[in-house]
Amino acid sequence: MENMFRLMGSEDFSDRRRCIWVNGPVIVGAGPSGLATAACLREQDVPFVVLERADCIASLWQKRTYDRIKLHLPKKVCQLPKMPFPEDYPEYPTKRQFIDYLESYANKFEITPQFNECVQSARYDETSGLWRIKTSSSSSSGSEMEYICRWLVVATGENAEKVVPEIDGLKTEFDGEVIHSCEYKSGEKYRGKSVLVVGCGNSGMEVSLDLANHNANASMVVRSSVHVLPREVLGKSSFEISMMLMKWFPLWLVDKILLILAWLILGNLTKYGLKRPKMGPMELKVVTGKTPVLDIGAMEKIKSGEVEIVPGIRRFTRSQVELVDGQRLDLDVVVLATGYRSNVPSWLQENDMFSKNGFPKSPFPNAWKGKSGLYAAGFTRKGLAGASADAVNIAQDIGNVWREETKRQKMRTRVGHRRCISVA
(Lines give C-alpha, C1' and ligand atoms only; values in the text may rest on other atoms or scores of the structure.)
Protein backbone atom coordinates (compact mmCIF):
# COMPACT_ATOMS: atom_id res chain seq x y z
CA MET A 1 0.00 0.00 0.00
CA GLU A 2 2.98 2.27 0.64
CA ASN A 3 3.85 1.95 -3.05
CA MET A 4 0.33 3.05 -3.96
CA PHE A 5 0.66 6.21 -1.84
CA ARG A 6 3.97 7.00 -3.56
CA LEU A 7 2.26 6.59 -6.93
CA MET A 8 -0.60 8.90 -5.94
CA GLY A 9 1.94 11.52 -5.00
CA SER A 10 3.81 11.37 -8.29
CA GLU A 11 3.56 14.26 -10.75
CA ASP A 12 1.85 12.30 -13.55
CA PHE A 13 -0.90 10.80 -11.37
CA SER A 14 -3.40 13.32 -12.64
CA ASP A 15 -5.10 11.22 -15.33
CA ARG A 16 -8.88 11.47 -15.21
CA ARG A 17 -9.25 7.75 -15.87
CA ARG A 18 -10.90 5.64 -13.24
CA CYS A 19 -8.10 3.99 -11.26
CA ILE A 20 -8.31 0.40 -10.00
CA TRP A 21 -5.83 -1.19 -7.59
CA VAL A 22 -5.34 -4.90 -8.32
CA ASN A 23 -4.21 -6.90 -5.32
CA GLY A 24 -2.34 -9.38 -7.51
CA PRO A 25 -1.28 -9.67 -11.17
CA VAL A 26 -3.03 -8.25 -14.21
CA ILE A 27 -3.17 -10.73 -17.09
CA VAL A 28 -3.54 -9.19 -20.54
CA GLY A 29 -5.32 -11.63 -22.85
CA ALA A 30 -8.05 -14.23 -22.29
CA GLY A 31 -6.86 -16.80 -24.80
CA PRO A 32 -5.53 -20.22 -23.77
CA SER A 33 -2.31 -18.71 -22.34
CA GLY A 34 -4.14 -16.17 -20.19
CA LEU A 35 -6.72 -18.71 -19.03
CA ALA A 36 -4.00 -21.24 -18.12
CA THR A 37 -2.09 -18.62 -16.11
CA ALA A 38 -5.28 -17.52 -14.32
CA ALA A 39 -6.18 -21.12 -13.44
CA CYS A 40 -2.72 -21.80 -12.01
CA LEU A 41 -2.88 -18.58 -9.98
CA ARG A 42 -6.29 -19.63 -8.68
CA GLU A 43 -4.73 -22.88 -7.46
CA GLN A 44 -2.10 -20.78 -5.66
CA ASP A 45 -4.83 -18.62 -4.01
CA VAL A 46 -3.47 -15.52 -5.72
CA PRO A 47 -6.08 -12.95 -6.83
CA PHE A 48 -5.86 -11.61 -10.39
CA VAL A 49 -7.63 -9.60 -13.08
CA VAL A 50 -7.80 -10.69 -16.73
CA LEU A 51 -8.18 -7.97 -19.38
CA GLU A 52 -9.53 -8.96 -22.81
CA ARG A 53 -10.11 -6.60 -25.74
CA ALA A 54 -12.78 -8.84 -27.33
CA ASP A 55 -16.19 -9.74 -25.93
CA CYS A 56 -15.36 -13.42 -25.34
CA ILE A 57 -12.57 -15.75 -24.29
CA ALA A 58 -10.31 -17.26 -26.97
CA SER A 59 -11.42 -14.72 -29.59
CA LEU A 60 -8.89 -16.06 -32.11
CA TRP A 61 -10.64 -19.44 -32.03
CA GLN A 62 -14.16 -18.09 -31.79
CA LYS A 63 -13.97 -15.31 -34.37
CA ARG A 64 -10.89 -15.70 -36.54
CA THR A 65 -10.72 -19.36 -37.54
CA TYR A 66 -12.36 -21.28 -40.37
CA ASP A 67 -15.14 -23.76 -39.71
CA ARG A 68 -13.28 -26.97 -40.50
CA ILE A 69 -10.23 -26.34 -38.31
CA LYS A 70 -9.21 -28.91 -35.72
CA LEU A 71 -6.28 -29.08 -33.33
CA HIS A 72 -3.29 -30.18 -35.38
CA LEU A 73 -1.70 -32.02 -32.46
CA PRO A 74 -3.11 -34.78 -30.22
CA LYS A 75 -5.35 -33.56 -27.41
CA LYS A 76 -3.08 -34.78 -24.62
CA VAL A 77 -0.35 -32.32 -25.64
CA CYS A 78 -2.87 -29.49 -26.06
CA GLN A 79 -4.72 -29.67 -22.75
CA LEU A 80 -4.26 -26.83 -20.28
CA PRO A 81 -2.96 -27.33 -16.71
CA LYS A 82 -5.21 -28.92 -14.09
CA MET A 83 -7.91 -30.11 -16.53
CA PRO A 84 -7.70 -32.77 -19.29
CA PHE A 85 -9.97 -32.89 -22.32
CA PRO A 86 -13.14 -35.00 -21.91
CA GLU A 87 -12.46 -38.68 -22.60
CA ASP A 88 -15.08 -38.83 -25.35
CA TYR A 89 -13.34 -36.11 -27.38
CA PRO A 90 -11.55 -37.37 -30.53
CA GLU A 91 -7.77 -37.39 -30.78
CA TYR A 92 -7.91 -34.08 -32.67
CA PRO A 93 -10.77 -31.99 -31.21
CA THR A 94 -12.82 -29.77 -33.50
CA LYS A 95 -13.05 -26.00 -33.26
CA ARG A 96 -16.37 -26.21 -31.39
CA GLN A 97 -15.07 -28.86 -29.00
CA PHE A 98 -11.97 -26.82 -28.19
CA ILE A 99 -14.03 -23.68 -27.52
CA ASP A 100 -16.38 -25.70 -25.28
CA TYR A 101 -13.35 -27.04 -23.42
CA LEU A 102 -11.98 -23.52 -22.85
CA GLU A 103 -15.34 -22.23 -21.65
CA SER A 104 -15.62 -25.16 -19.20
CA TYR A 105 -12.06 -24.42 -18.10
CA ALA A 106 -12.90 -20.78 -17.37
CA ASN A 107 -16.01 -21.81 -15.44
CA LYS A 108 -14.18 -24.43 -13.38
CA PHE A 109 -11.52 -21.99 -12.21
CA GLU A 110 -13.95 -19.05 -11.88
CA ILE A 111 -12.15 -16.93 -14.45
CA THR A 112 -14.25 -13.90 -15.36
CA PRO A 113 -12.27 -11.57 -17.65
CA GLN A 114 -12.96 -7.88 -18.01
CA PHE A 115 -14.18 -7.98 -21.62
CA ASN A 116 -13.97 -5.11 -24.13
CA GLU A 117 -10.95 -3.70 -22.28
CA CYS A 118 -8.30 -2.82 -24.85
CA VAL A 119 -4.88 -2.07 -23.35
CA GLN A 120 -3.52 1.19 -24.73
CA SER A 121 -0.29 1.22 -22.76
CA ALA A 122 1.48 -0.53 -19.91
CA ARG A 123 4.55 0.81 -18.20
CA TYR A 124 6.49 0.24 -15.00
CA ASP A 125 6.54 3.18 -12.60
CA GLU A 126 10.01 3.27 -11.06
CA THR A 127 8.95 5.59 -8.24
CA SER A 128 6.23 3.33 -6.86
CA GLY A 129 7.51 -0.02 -8.10
CA LEU A 130 4.12 -0.70 -9.70
CA TRP A 131 2.75 -1.36 -13.19
CA ARG A 132 0.32 1.11 -14.71
CA ILE A 133 -1.96 -0.35 -17.39
CA LYS A 134 -4.19 2.10 -19.24
CA THR A 135 -7.20 0.74 -21.12
CA SER A 136 -10.10 2.00 -23.17
CA SER A 137 -13.40 0.23 -23.58
CA SER A 138 -14.21 -1.13 -27.03
CA SER A 139 -17.90 -1.11 -26.13
CA SER A 140 -20.29 1.78 -26.74
CA SER A 141 -19.43 3.37 -23.38
CA GLY A 142 -15.88 4.22 -24.46
CA SER A 143 -14.80 4.48 -20.82
CA GLU A 144 -11.14 4.60 -19.83
CA MET A 145 -9.47 2.80 -16.93
CA GLU A 146 -6.08 2.57 -15.30
CA TYR A 147 -5.13 -0.63 -13.49
CA ILE A 148 -2.33 -0.50 -10.91
CA CYS A 149 -0.55 -3.71 -9.93
CA ARG A 150 2.75 -5.27 -8.89
CA TRP A 151 2.80 -7.99 -11.53
CA LEU A 152 1.95 -7.89 -15.23
CA VAL A 153 1.45 -11.05 -17.31
CA VAL A 154 1.54 -10.55 -21.07
CA ALA A 155 -0.65 -13.27 -22.60
CA THR A 156 -1.75 -11.68 -25.86
CA GLY A 157 -0.06 -14.46 -27.81
CA GLU A 158 1.91 -14.93 -30.98
CA ASN A 159 -1.10 -14.35 -33.25
CA ALA A 160 -2.61 -11.10 -32.00
CA GLU A 161 -2.69 -9.22 -35.31
CA LYS A 162 -3.03 -10.40 -38.90
CA VAL A 163 -0.16 -9.81 -41.33
CA VAL A 164 -1.26 -8.20 -44.62
CA PRO A 165 1.60 -7.90 -47.13
CA GLU A 166 1.96 -5.06 -49.61
CA ILE A 167 1.58 -6.58 -53.09
CA ASP A 168 1.65 -4.44 -56.21
CA GLY A 169 -1.87 -3.79 -57.47
CA LEU A 170 -3.73 -5.76 -54.81
CA LYS A 171 -5.30 -2.72 -53.14
CA THR A 172 -5.26 -0.28 -56.03
CA GLU A 173 -6.24 -2.34 -59.10
CA PHE A 174 -7.73 -5.75 -58.27
CA ASP A 175 -11.54 -5.64 -58.35
CA GLY A 176 -12.20 -9.06 -56.80
CA GLU A 177 -12.72 -10.01 -53.16
CA VAL A 178 -9.65 -9.91 -50.88
CA ILE A 179 -9.77 -11.46 -47.42
CA HIS A 180 -7.30 -12.65 -44.80
CA SER A 181 -7.50 -16.27 -43.70
CA CYS A 182 -8.81 -15.02 -40.32
CA GLU A 183 -11.96 -13.89 -42.19
CA TYR A 184 -12.36 -17.14 -44.14
CA LYS A 185 -15.04 -19.49 -42.81
CA SER A 186 -15.92 -22.02 -45.52
CA GLY A 187 -15.38 -22.70 -49.20
CA GLU A 188 -19.13 -23.02 -49.77
CA LYS A 189 -19.51 -19.40 -50.93
CA TYR A 190 -16.61 -19.80 -53.38
CA ARG A 191 -17.97 -22.84 -55.23
CA GLY A 192 -17.03 -22.54 -58.92
CA LYS A 193 -14.90 -19.43 -58.37
CA SER A 194 -11.20 -18.99 -59.07
CA VAL A 195 -9.43 -18.43 -55.75
CA LEU A 196 -5.76 -17.67 -55.14
CA VAL A 197 -4.42 -18.59 -51.69
CA VAL A 198 -1.30 -16.60 -50.80
CA GLY A 199 0.79 -18.59 -48.33
CA CYS A 200 1.61 -22.26 -47.90
CA GLY A 201 1.70 -22.75 -44.13
CA ASN A 202 -0.82 -24.83 -42.21
CA SER A 203 -3.56 -22.23 -42.80
CA GLY A 204 -2.81 -21.91 -46.51
CA MET A 205 -2.80 -25.67 -47.00
CA GLU A 206 -6.03 -26.17 -45.07
CA VAL A 207 -7.87 -23.33 -46.80
CA SER A 208 -6.77 -24.73 -50.17
CA LEU A 209 -8.04 -28.17 -49.17
CA ASP A 210 -11.38 -26.73 -48.06
CA LEU A 211 -11.74 -24.78 -51.32
CA ALA A 212 -11.04 -27.90 -53.37
CA ASN A 213 -13.59 -29.86 -51.32
CA HIS A 214 -16.18 -27.23 -52.26
CA ASN A 215 -15.29 -27.37 -55.98
CA ALA A 216 -13.58 -24.00 -56.17
CA ASN A 217 -10.73 -23.53 -58.64
CA ALA A 218 -7.94 -23.19 -56.09
CA SER A 219 -4.34 -22.09 -56.65
CA MET A 220 -1.75 -21.67 -53.90
CA VAL A 221 1.28 -19.40 -53.99
CA VAL A 222 4.49 -21.09 -52.82
CA ARG A 223 7.38 -18.63 -52.91
CA SER A 224 9.84 -20.34 -50.60
CA SER A 225 10.75 -23.81 -49.37
CA VAL A 226 8.47 -25.60 -46.92
CA HIS A 227 8.51 -28.80 -44.88
CA VAL A 228 5.39 -30.93 -45.25
CA LEU A 229 5.04 -33.89 -42.90
CA PRO A 230 2.21 -36.41 -42.58
CA ARG A 231 0.13 -35.65 -39.50
CA GLU A 232 0.32 -39.33 -38.52
CA VAL A 233 2.59 -42.28 -39.27
CA LEU A 234 0.96 -45.67 -38.75
CA GLY A 235 -1.61 -44.13 -36.42
CA LYS A 236 0.96 -42.25 -34.35
CA SER A 237 1.22 -38.46 -34.59
CA SER A 238 4.38 -37.09 -36.19
CA PHE A 239 4.73 -34.74 -33.24
CA GLU A 240 4.76 -37.59 -30.73
CA ILE A 241 7.22 -39.53 -32.87
CA SER A 242 9.58 -36.55 -33.07
CA MET A 243 9.37 -35.91 -29.31
CA MET A 244 10.10 -39.56 -28.60
CA LEU A 245 13.05 -39.66 -31.00
CA MET A 246 14.55 -36.48 -29.56
CA LYS A 247 14.91 -38.20 -26.20
CA TRP A 248 17.32 -40.71 -27.72
CA PHE A 249 18.90 -39.20 -30.84
CA PRO A 250 20.55 -35.93 -31.89
CA LEU A 251 18.41 -33.38 -33.73
CA TRP A 252 20.00 -33.98 -37.14
CA LEU A 253 19.22 -37.70 -36.96
CA VAL A 254 15.64 -37.07 -35.86
CA ASP A 255 15.21 -34.81 -38.90
CA LYS A 256 16.63 -37.50 -41.17
CA ILE A 257 14.18 -40.07 -39.84
CA LEU A 258 11.21 -37.69 -40.18
CA LEU A 259 12.13 -36.82 -43.76
CA ILE A 260 12.47 -40.50 -44.70
CA LEU A 261 9.03 -41.21 -43.22
CA ALA A 262 7.59 -38.19 -45.05
CA TRP A 263 9.08 -39.39 -48.35
CA LEU A 264 7.69 -42.91 -47.86
CA ILE A 265 4.16 -41.60 -47.13
CA LEU A 266 3.89 -38.43 -49.22
CA GLY A 267 6.46 -39.17 -51.94
CA ASN A 268 8.72 -36.70 -53.71
CA LEU A 269 7.02 -33.32 -53.42
CA THR A 270 9.53 -31.38 -55.54
CA LYS A 271 7.78 -32.31 -58.77
CA TYR A 272 4.63 -30.63 -57.48
CA GLY A 273 6.43 -27.34 -56.79
CA LEU A 274 7.16 -27.89 -53.09
CA LYS A 275 10.85 -27.67 -52.23
CA ARG A 276 12.15 -28.59 -48.79
CA PRO A 277 14.45 -26.23 -46.83
CA LYS A 278 18.08 -27.23 -46.39
CA MET A 279 17.56 -27.21 -42.63
CA GLY A 280 15.57 -30.15 -41.22
CA PRO A 281 12.01 -29.64 -39.91
CA MET A 282 12.81 -29.86 -36.20
CA GLU A 283 16.04 -27.86 -36.47
CA LEU A 284 14.15 -25.19 -38.42
CA LYS A 285 11.50 -25.10 -35.69
CA VAL A 286 14.13 -24.71 -32.95
CA VAL A 287 16.17 -22.06 -34.78
CA THR A 288 13.44 -19.94 -36.40
CA GLY A 289 10.19 -21.03 -34.75
CA LYS A 290 8.76 -21.96 -38.17
CA THR A 291 6.41 -24.92 -37.82
CA PRO A 292 6.33 -27.67 -40.47
CA VAL A 293 3.05 -28.17 -42.31
CA LEU A 294 1.14 -31.22 -41.07
CA ASP A 295 -0.73 -32.67 -44.02
CA ILE A 296 -4.38 -33.55 -43.46
CA GLY A 297 -5.35 -34.05 -47.09
CA ALA A 298 -4.05 -31.07 -49.05
CA MET A 299 -1.27 -33.09 -50.69
CA GLU A 300 -3.81 -35.43 -52.25
CA LYS A 301 -5.56 -32.43 -53.83
CA ILE A 302 -2.23 -31.03 -55.06
CA LYS A 303 -1.23 -34.33 -56.63
CA SER A 304 -4.61 -34.69 -58.35
CA GLY A 305 -4.38 -31.14 -59.72
CA GLU A 306 -7.41 -29.89 -57.78
CA VAL A 307 -5.07 -27.41 -56.08
CA GLU A 308 -2.47 -25.84 -58.36
CA ILE A 309 0.89 -24.72 -56.97
CA VAL A 310 2.10 -21.43 -58.47
CA PRO A 311 5.26 -19.35 -57.90
CA GLY A 312 5.55 -15.85 -56.46
CA ILE A 313 3.40 -12.89 -57.45
CA ARG A 314 4.63 -10.01 -59.61
CA ARG A 315 1.49 -7.88 -59.55
CA PHE A 316 -2.31 -7.83 -59.64
CA THR A 317 -4.42 -6.29 -62.36
CA ARG A 318 -8.17 -5.70 -62.44
CA SER A 319 -9.16 -9.36 -62.76
CA GLN A 320 -5.86 -11.24 -62.94
CA VAL A 321 -2.64 -12.01 -61.14
CA GLU A 322 0.68 -11.93 -62.96
CA LEU A 323 3.21 -14.41 -61.56
CA VAL A 324 6.99 -14.11 -61.53
CA ASP A 325 7.29 -16.74 -64.27
CA GLY A 326 5.06 -14.70 -66.62
CA GLN A 327 1.85 -16.70 -66.11
CA ARG A 328 -1.44 -14.82 -65.83
CA LEU A 329 -4.38 -16.29 -63.93
CA ASP A 330 -7.97 -15.07 -63.98
CA LEU A 331 -9.17 -14.53 -60.42
CA ASP A 332 -12.34 -13.87 -58.47
CA VAL A 333 -10.97 -14.06 -54.91
CA VAL A 334 -7.65 -13.72 -53.04
CA VAL A 335 -7.20 -15.31 -49.60
CA LEU A 336 -4.17 -14.01 -47.72
CA ALA A 337 -2.92 -16.91 -45.59
CA THR A 338 0.01 -14.75 -44.59
CA GLY A 339 -0.02 -15.35 -40.87
CA TYR A 340 -0.08 -13.26 -37.74
CA ARG A 341 2.23 -11.31 -35.50
CA SER A 342 2.54 -10.25 -31.87
CA ASN A 343 1.18 -6.80 -31.00
CA VAL A 344 3.14 -6.37 -27.76
CA PRO A 345 5.41 -3.52 -29.02
CA SER A 346 2.34 -1.39 -29.76
CA TRP A 347 1.34 -1.12 -26.09
CA LEU A 348 4.07 -2.40 -23.73
CA GLN A 349 6.53 0.36 -22.88
CA GLU A 350 9.51 -1.82 -22.04
CA ASN A 351 12.80 -2.65 -23.77
CA ASP A 352 14.45 -5.38 -21.68
CA MET A 353 12.25 -8.45 -22.02
CA PHE A 354 10.61 -8.11 -25.44
CA SER A 355 12.31 -7.50 -28.77
CA LYS A 356 10.92 -5.39 -31.61
CA ASN A 357 9.17 -8.41 -33.15
CA GLY A 358 7.03 -8.77 -30.03
CA PHE A 359 8.69 -11.94 -28.71
CA PRO A 360 10.82 -12.35 -25.58
CA LYS A 361 14.55 -11.93 -26.16
CA SER A 362 15.44 -14.94 -24.02
CA PRO A 363 14.90 -18.34 -25.67
CA PHE A 364 12.77 -21.16 -24.30
CA PRO A 365 12.64 -22.28 -21.50
CA ASN A 366 13.64 -18.93 -19.95
CA ALA A 367 11.33 -16.61 -21.88
CA TRP A 368 8.55 -16.51 -19.29
CA LYS A 369 10.11 -14.15 -16.73
CA GLY A 370 11.40 -10.61 -17.06
CA LYS A 371 12.28 -7.88 -14.58
CA SER A 372 10.13 -5.81 -12.22
CA GLY A 373 7.28 -8.30 -12.05
CA LEU A 374 6.86 -8.71 -15.83
CA TYR A 375 5.97 -12.13 -17.25
CA ALA A 376 5.16 -13.61 -20.67
CA ALA A 377 2.85 -16.58 -21.31
CA GLY A 378 2.46 -18.24 -24.70
CA PHE A 379 5.41 -16.82 -26.63
CA THR A 380 7.53 -19.98 -26.78
CA ARG A 381 6.58 -20.97 -30.37
CA LYS A 382 5.79 -24.35 -28.81
CA GLY A 383 2.03 -24.21 -29.00
CA LEU A 384 -0.36 -24.95 -26.16
CA ALA A 385 2.15 -27.17 -24.37
CA GLY A 386 4.60 -24.26 -24.19
CA ALA A 387 1.88 -21.90 -22.97
CA SER A 388 0.92 -24.36 -20.23
CA ALA A 389 4.53 -24.64 -19.07
CA ASP A 390 4.76 -20.83 -18.92
CA ALA A 391 1.54 -20.64 -16.89
CA VAL A 392 2.75 -23.12 -14.30
CA ASN A 393 6.11 -21.34 -13.91
CA ILE A 394 4.54 -17.87 -13.64
CA ALA A 395 1.95 -18.93 -11.06
CA GLN A 396 4.54 -20.71 -8.92
CA ASP A 397 6.87 -17.70 -9.03
CA ILE A 398 4.19 -15.18 -8.08
CA GLY A 399 2.62 -17.63 -5.61
CA ASN A 400 5.88 -18.02 -3.70
CA VAL A 401 6.18 -14.27 -3.20
CA TRP A 402 2.49 -13.96 -2.36
CA ARG A 403 2.61 -16.64 0.34
CA GLU A 404 5.78 -15.24 1.90
CA GLU A 405 4.38 -11.72 2.07
CA THR A 406 1.02 -12.95 3.37
CA LYS A 407 2.86 -14.85 6.11
CA ARG A 408 4.87 -11.75 7.09
CA GLN A 409 1.73 -9.62 7.13
CA LYS A 410 -0.02 -12.08 9.45
CA MET A 411 3.00 -12.07 11.76
CA ARG A 412 2.96 -8.27 11.92
CA THR A 413 -0.76 -8.35 12.70
CA ARG A 414 -0.24 -10.84 15.51
CA VAL A 415 2.66 -8.83 16.95
CA GLY A 416 0.62 -5.64 16.87
CA HIS A 417 -2.28 -7.36 18.61
CA ARG A 418 0.00 -8.61 21.40
CA ARG A 419 1.32 -5.10 21.95
CA CYS A 420 -2.21 -3.77 22.36
CA ILE A 421 -2.99 -6.45 24.91
CA SER A 422 0.31 -5.82 26.63
CA VAL A 423 -0.28 -2.09 26.92
CA ALA A 424 -3.81 -2.68 28.17
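The values are calculated or read from the model by the stated rules, or taken from the named source; none is laboratory data. Remember, it's a predicted structure, so these values are computed and weren't measured experimentally. With ideal geometry, Cβ positions are generated from the backbone for all residues, glycine too; neighbour counts draw on all protein chains shown. Accessible surface areas use protein heavy atoms only, side chains included; no ligands, DNA or RNA. Shrake-Rupley method; radii C 1.70, N 1.55, O 1.52, S 1.80 Å.
Looking at the stretch 361-386, I want the residues that are within 21 Å of residue 284 (Cβ to Cβ) and have a partner that is open to solvent by 20 Å² or more (accessible area, probe 1.4 Å) and basic (Lys, Arg) with Cβ atoms under 7 Å, at least 6 apart or on another chain. Which pairs are those?
Every condition considered, the pairs that remain are 364/382.
State whether the residues of the stretch 190-204 include one that is in a loop (DSSP other than H, G, I, E, B), crowded, with 16+ Cβ neighbours inside 10 Å and of a type in the set (Gly, Ala, Ser).
Taking every residue of the stretch 190-204 in turn, at least one turns out to be in a loop (DSSP other than H, G, I, E, B), crowded, with 16+ Cβ neighbours inside 10 Å and of a type in the set (Gly, Ala, Ser).
In the stretch 280-297, how many residues are open to solvent by 60 Å² or more (accessible area, probe 1.4 Å) and either in contact with a helix residue (DSSP H, G or I) (Cβ under 7 Å, 6 or more places away or on another chain) or touching a residue at least 24 places away in the same chain (Cβ under 8 Å) (or both)?
Looking only at that region, the number is 4.
The rows are residues; the columns are (1) over 14 Å from the mean Cα position of the chain (by Cα); (2) over 25 Å from residue 381 (Cβ atoms); (3) surrounded by fewer than 24 Cβ atoms within 10 Å (Cβ to Cβ); (4) of a type in the set (Ser, Thr, Tyr).
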| site | (1), (2), (3), (4) |
| --- | --- |
| 19 | yes, yes, yes, no |
| 22 | yes, yes, yes, no |
| 26 | yes, no, no, no |
| 30 | no, no, no, no |
| 33 | no, no, no, yes |
| 40 | yes, no, no, no |
| 46 | yes, yes, yes, no |
| 49 | yes, yes, yes, no |
| 53 | yes, no, yes, no |
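Report whether or not residue 91 is more than 30 Å from residue 230 (Cα to Cα) and open to solvent by 50 Å² or more (accessible area, probe 1.4 Å).
Answer is no for this residue.
If you scan the stretch 60-99, which residues turn out to be of a type in the set (S, T, N, Q), more than 23 Å from residue 395 (Cα to Cα) and part of a loop (DSSP other than H, G, I, E, B)?
Residue satisfying the conditions is 65 alone.
Residue check: is residue 212 in contact (Cβ under 8 Å) with a residue 24 or more places away in the chain, buried (at least 16 other Cβ atoms within 10 Å of the Cβ) and in a strand (DSSP E or B)?
no
Any residue in the stretch 103-125 that's open to solvent by 60 Å² or more (accessible area, probe 1.4 Å): show its pairings with residues that are in a strand (DSSP E or B) and of a type in the set (D, E, K, R) at Cβ separation under 9 Å, as long as the two are six or more apart or on different chains.
120/134; 120/144; 123/132; 123/134
Going residue by residue through the stretch 260-278, is there one that turns out to be open to solvent by 40 Å² or more (accessible area, probe 1.4 Å) and touching a His at 6+ places or on another chain (Cβ under 9 Å)?
yes
Can you pull out every residue in the stretch 366-376 that is outside any strand (DSSP E or B) and open to solvent by less than 70 Å² (accessible area, probe 1.4 Å)?
367, 368, 370, 372, 373
Restricting the stretch 335-365 to residues that are surrounded by fewer than 18 Cβ atoms within 10 Å (Cβ to Cβ) and among the charged types (D, E, K, R), which is nearest to the chain's Cα centre (by Cα)?
341
I want to confirm something. Restricting to the stretch 301-334 and keeping residues that are touching a Leu at 6+ places or on another chain (Cβ under 8 Å) and in a helix (DSSP H, G or I), which single residue is surrounded by the most Cβ atoms within 10 Å (Cβ to Cβ)?
Looking at the filtered set, the residue picked out is 302.
State all residues of the stretch 100-130 that are in a strand (DSSP E or B) and of a type outside the set (A, V, I, L, M, F, W, C); if no residue qualifies, say none.
Within the stretch 100-130, 114, 117, 120, 121, 123, 124, 125 qualify.
Within the stretch 131-176, track down each residue that is outside any loop (DSSP other than H, G, I, E, B), open to solvent by 30 Å² or more (accessible area, probe 1.4 Å) and closer than 28 Å to residue 20 by Cα.
Selection gives 134, 144, 161.
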